[in-house]
Amino acid sequence: MKPFTRLDGLVAPLDRANVDTDAIIPKQFLKSIKRSGFGPYAFDEWRYLDHGEPGMDCSARPLNPDFVLNQARYQGASVLLARENFGCGSSREHAPWALEDYGFRAIIAPSFADIFFNNCFKNGVLPIVLKAEIVDKLFRETADAEGYRLTVDLAAQTVTTPSGEAFAFDVDPERKHRLLNGLDDISLTLKFTDQIQAYEARRKGEAPWLFA
Amino acid sequence: MSARTLFDKLWDSHVVHVEPDGTALLYIDRQLVHEVTSPQAFEGMKMNGRKPWRLASLLATPDHNIPTADRDKGIADPVSRTQVETLDANCAEFGITEFGMNDPRQGIVHVIGPEQGFTQPGMTIVCGDSHTSTHGAFGALAFGIGTSEVEHVLATQCLWQKKAKTMQVRVEGELKFGVTAKDIALAVIGRIGTAGGTGYAVEFAGSAIRALSMEGRMTLCNMAIEAGARAGMVAVDEKTVAYMRGRPYAPKGEQFEQAATYWRSLVSDAGAAFDAVLELDAAGIKPQVTWGTSPEMVVPVDGRVPDPAHAPNAVKKSDWERALAYMGLSANTPIDQINVDKVFIGSCTNSRIEDLREAAKVASWAVAQNRKVAGNVKLAMVVPGSGLVKAQAEAEGLDKLFTAAGFEWRDPGCSMCLAMNADRLEPGERCASTSNRNFEGRQGQGGRTHLVSPAMAAAAAVFGHFVDIRVLANEVMQ
């Protein structure tokens, strides 16, 4: 996994609540057996005017001029500003894969859906929860200033605006440690092999049918 | 020890290790595997030369991409076919039990787990699918995970988890005739919203929940994720124990009795404290119909499409306006005046034998009345949740009732719940669906989904528009 330390990035606003993972990456793209290449299909139904299918060359497809991420000023954005309950619905990890492949490394919203939030951390994408009033303010500032950027510092747990205003955010120490260092969860967990085996031995005594 | 909730008991019995910040390494008893969220996990296992930690904890089946008609011809879409073949190959390579496409036991993972007795009370159960919450109906801790965690559980039999808060949803009293577990689920989501359960493990309790069959409890827990909950669950009672008896993967003989004694302890202790409690009066719940593009956009069937002018805040107002535009609906339209183009009865929410029996009562009534699926309905399809559900329904003659009334009787799979196979809505088509999500494009790009119970979906097929099943109840539900 790519580590996440500090990001200074262009901000793109997606001003709607309850953006679901079906919208982030529609089902037809879930047929891929690969982990990469989903970026061109992120938000496919909102982003293009035609119907997308896996393997299509997206450079030739008609863009929806009304979709905010298609505006010239937001090209190259790496911070996504969103509303409450972002990433609700399906557990598909293709959603963070698509956002990461598109170029987003941080997502700021007042709240996230649980499974999506968790999936982001496994893919070097930092989901940041800020109060609704602060998110509102960031939406206003993004709209008002073309080229608006935010600096995200994971070690310091702050989001800083161009005027120097800094907002603190919470992150679990364990998740922070893994993201800062780009650590592979499985290798870490396998260090607990003895504990896992001891648990199994004890549990087998209590509830043998679980291991039948 | 102080009084514990069901969730506390399930959690405590699975903790392997706790980090200083409270993150726990949780042991996972069962993982269900399907073709969509597993290929990249198996690829990771191979790249690192890893083997599954415990093969007996795994059961695989293809469900999302599977055709529901002409299965003997194979899968026409080459991309879908590759994904299903990849699952077959991975299961063969790693030695994982798989019910393949043509196995009579194949079906939707969340239907076959309980049906086989692979899902058991007291277990932790995961799957790369958000509707894994379904299995909580058995007094288990069950939740959906992403592909990285699918791989993690394959390799380590564990997951890193932060303990969720607890919420009790208490539904007391008796449901009115024609009102089902699906309507409870939608009514709860309508009340607390699709993020109302975020961060919580929800236990459904109360006399109305005790009165539900295991199938009904599965429907309810299935939809817990649509309220944003980490997991949904129902305490074990004699119905749970009776359901388990004789299932292929359930414990046998003396071991069954030993297990049953343990299972009966899987209830919240009297006086156990929940972080949040929601109370509903069962008698006040009416049949529900969603009108928008989120499961929380729901009203009773005798209601009207809401007016954005009366939305509680600006964000909701623009959400409602966008939803009405997408759904092609005007504010204040009575729900029973909305016509449908297609009807889908199936999905991990409502494709079990009881669901099909409820829908078949409507079909049977229609046949007796010399009525059929209405002329404006292009397709009304019934997709059983598994091969065994299908066989059971056919043994009861339900398939004949459906086909006589003009419904199509299909082979099991996820089908038009998410339209990864050939079953889908065309742009602008409106569907009465027993599935779980009415998101934009969920059932096909531009498709318009209304979530309802099986009997309500069947009635919409026969009338061509939504009807209040309670009005028909005396005639139909004999």
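Quick notes on this structure:
- Counting only helices (runs of 4 or more DSSP H) that sit wholly inside segment B:386-478, those with at least 3 residues that are surrounded by fewer than 20 Cβ atoms within 10 Å (Cβ to Cβ) and more than 14 Å from every other protein chain (Cβ to nearest Cβ) are B:387-395, B:398-404, B:469-476.
- Subset of segment A:32-55 that is crowded, with 23+ Cβ neighbours inside 10 Å and more than 18 Å from residue A:106 (Cα to Cα) - its residue that is nearest to the other protein chains (Cβ to nearest Cβ): A:44
- Residue match in segment A:56-75 (condition: within 12 Å of chain B (Cβ to nearest Cβ) and under 18 Å from residue A:135 (Cβ atoms)): no
- Exactly one residue out of A:20, A:15 is within 30 Å of residue B:66 (Cα to Cα), within 12 Å of another protein chain (Cβ to nearest Cβ) and either in contact with a Ser or Thr (Cβ under 9 Å, 6 or more places away or on another chain) or among the acidic types (Asp, Glu) (or both): that is A:20.
- In the set (1) surrounded by fewer than 22 Cβ atoms within 10 Å (Cβ to Cβ); (2) within 14 Å of chain A (Cβ to nearest Cβ); (3) assigned to a loop (DSSP other than H, G, I, E, B), the condition left unmet by residue B:254 is number (3).
- The set of residues in segment A:24-51 that are of a type in the set (D, E, K, R), outside any loop (DSSP other than H, G, I, E, B) and either touching a residue at least 60 places away in the same chain (Cβ under 8 Å) or within 15 Å of residue B:36 (Cα to Cα) (or both) comprises A:27, A:31.
- Criterion violated by residue B:358 - all others in (1) within 24 Å of residue B:326 (Cα to Cα); (2) acidic (Asp, Glu); (3) buried (at least 24 other Cβ atoms within 10 Å of the Cβ) satisfied: (1)
- Top-ranked residue in segment A:81-93 [being within 26 Å of residue B:41 (Cβ to Cβ) and of a type outside the set (S, T, N, Q); ranked as nearest to the other protein chains (Cβ to nearest Cβ)]: A:93
- Qualifying residue in segment B:55-68 (condition: within 12 Å of chain A (Cβ to nearest Cβ), part of a strand (DSSP E or B) and not β-branched (Val, Ile, Thr)): no
- Here the helices (runs of 4 or more DSSP H) wholly within segment A:94-191 that include at least 1 residues being more than 16 Å from the chain's Cα centre (by Cα) and at the interface with chain B (Cβ under 10 Å from one of its Cβ atoms) are A:132-144, A:173-181, A:185-190.
- Filtering segment B:14-42 to residues that are within 26 Å of the chain's Cα centre (by Cα) and part of a loop (DSSP other than H, G, I, E, B) leaves B:14, B:28, B:29, B:34, B:35, B:36, B:37, B:38.
- Meets criteria (over 26 Å from residue A:175 (Cα atoms), surrounded by fewer than 23 Cβ atoms within 10 Å (Cβ to Cβ) and within 12 Å of another protein chain (Cβ to nearest Cβ)) for residue B:100: no
- Pairs with Cβ under 7 Å, 6+ apart, first in segment B:254-265 and within 15 Å of residue B:117 (Cβ to Cβ), second among the β-branched types (Val, Ile, Thr): B:260/B:241; B:263/B:236; B:263/B:240; B:263/B:241
- So residue A:8, is it modelled with pLDDT of 95 or more and within 11 Å of chain B (Cβ to nearest Cβ): no
- When residues in segment A:80-110 are screened for being touching a Gly at 6+ places or on another chain (Cβ under 6 Å) and β-branched (Val, Ile, Thr), 0 of them pass.
- Given (1) without any contact (Cβ under 8 Å) to a residue 40 or more places away in the chain; (2) out of contact with any Ser or Thr (no Cβ under 8 Å at 6 or more places or on another chain), index of the condition residue A:135 fails: (1)
- The condition (being surrounded by fewer than 19 Cβ atoms within 10 Å (Cβ to Cβ), in contact (Cβ under 8 Å) with a residue 12 or more places away in the chain, over 29 Å from residue B:63 (Cα atoms) and within 15 Å of the chain's Cα centre (by Cα)) is satisfied by just one residue among A:9, A:76: A:9.
- Residues satisfying the stated conditions in segment B:158-187, i.e. crowded, with 20+ Cβ neighbours inside 10 Å and either of a type in the set (Gly, Ala, Ser) or in a helix (DSSP H, G or I) (or both): B:164, B:178, B:181, B:182, B:183, B:184, B:185, B:186, B:187
- Selection within segment B:69-86 - touching a Pro at 6+ places or on another chain (Cβ under 8 Å) and within 11 Å of chain A (Cβ to nearest Cβ): B:75, B:79, B:83, B:84, B:86
- Residues in segment B:131-174 that are at the interface with chain A (Cβ under 7 Å from one of its Cβ atoms) and more than 23 Å from residue A:172 (Cα to Cα): B:155 alone.
- Hits in segment B:340-372 - residues which are part of a strand (DSSP E or B) and either without any contact (Cβ under 8 Å) to a residue 12 or more places away in the chain or more than 25 Å from the chain's Cα centre (by Cα) (or both): none
The values are calculated or read from the model by the stated rules, or taken from the named source; none is laboratory data. The structure displayed is predicted, hence computed values, not measured ones. Every residue, glycine among them, receives a Cβ derived from its backbone with ideal geometry; neighbour counts consider all protein chains shown.
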